[in-house]
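This report refers to the structure that appears directly beneath it.
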Amino acid sequence: MPGLVRIDTSTFFDRDKVLDKLDRDERRLLSRAGAFVRRRARSSIRKRKGISKSGKPPASHTGQYKKSILFGYEKSSRSVVIGPSASFGGSEVPELLEFGGSAKRGGRTVNYDARPHMGPALEAETPNFPELFTNSVTA
């Protein structure tokens, strides 16, 4: 047909390929951020025999709690979840350590002072996040 112009589409970008690359990069970068926060939280927990001071990170007597702090990429919300595994002492122990509160122990109520470690770890690492994402999208 006269006047018909052919366009070479090989120079166009593949939308699905670009979006897939962005998803992979996002997952990789968020996972790195999660790893940094996890490392900061774990390093704040010291192994010692006694109880840590109120307002300071908890002491680790066996190292199990420290090892239970994990992170994972949550694909549905495109976010990272960081914190102690729910399998560690039930769901109330990590919450009591971070925020304080009271719990029933042996038929009596015991009060716990807060020993924050996850919140401060996130606060300490947040200023480093922009650097992680700078020039992160590559061809």
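The values are calculated or read from the model by the stated rules, or taken from the named source; none is laboratory data. Note that the coordinates shown come from a computational prediction; the quantities given were computed from them, not determined experimentally. Every residue, glycine as well, gets a Cβ built from its backbone with ideal geometry; the counts of neighbours run over all protein chains shown. SASA here: full protein model, heavy atoms, side chains in, ligands and nucleic acids out. Shrake-Rupley method; radii C 1.70, N 1.55, O 1.52, S 1.80 Å.
Split the accessible area of region 40-99 by element, probe 1.4 Å, and carbon with sulfur accounts for 54%.
How large is the accessible surface per residue of region 40-102, computed with a 1.4 Å probe and reported in Å² as a whole number?
Per-residue value: 66 Å².
Computed with every protein chain present, the accessible area of Thr126 is close to 60 Å² [probe 1.4 Å].
Please work out the FRET efficiency for the pair Ser43 and Lys104, using the Cβ-Cβ distance as r and a Förster radius of 30 Å; give the result to the nearest 0.05.
It comes to 0.40.
Once you keep just the Cα pairs under 8 angstrom separated by 6 or more residues, what percentage relative contact order results for region 37-139? Computed value for region 37-139: 27 percent relative contact order. Ordered from largest to smallest accessible area (heavy atoms of protein chains, 1.4 Å probe), the residues Ile69, Ile82, Ile51 come out as Ile51, Ile82, Ile69.
For the set Lys66, Lys49, Lys56, solvent exposure ranked by accessible area (probe 1.4 Å, protein chains only) runs largest to smallest as Lys49, Lys56, Lys66. Between the residues Ile82, Gly101, Asn128, the greatest Cα displacement towards the positive end of the dipole of region 37-139, with unit charges on the Cβ of Lys, Arg, Asp and Glu, is found for Gly101.
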